[in-house]
Amino acid sequence: MRFRPIDDVVKDNYIRYAREEKAFEVARKMLAEGLSADIIKKCTGLDKEDILALG
């Protein structure tokens with residue numbers, strides 16, 4: 001079994017976290033504009049429960 005260098009793992013986790021945070025930021029803005037949770041889910045990929053918790 002070949003392992004990835006720890007720097008790559010940390011970098012990938014950071015990128016994943018940053019993308020998720022950006023999705024939540026966009027979802028908050030979309031909610032503020034009055035868009036439905038279903039549309040926000042389609043656009044951001046976030047769970048509907050997470051979206052509803054923002055509002």
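Bear in mind that the values in this text are calculations on the coordinates, not laboratory data. This one's a predicted model, so the numbers in the text were calculated from it and none came from an experiment. In this analysis, Cβ positions are derived from the backbone assuming ideal geometry, glycine residues included, and neighbour counts consider all displayed protein chains.
Side notes on the structure shown:
- Here the sum of -39500 (n - 2.57) over DSSP H runs of 4 or more residues, divided by the residues of the chain, equals -24500 deg cm²/dmol at 222 nm, to the nearest 500.
- From least to most packed, judged by other beta carbons within 10 angstrom and beginning with the fewest, Glu20, Glu33 follow the order Glu33, Glu20.
- Spatially close Lys pairs in the chain, defined by Cα atoms under 22 Å apart and a spacing of eight or more places or different chains, total 7.
- Matching label, Rg/Rh (Cα atoms, Kirkwood Rh) computed from the structure shown, candidates (i) 0.89; (ii) 1.19; (iii) 1.15: (ii)
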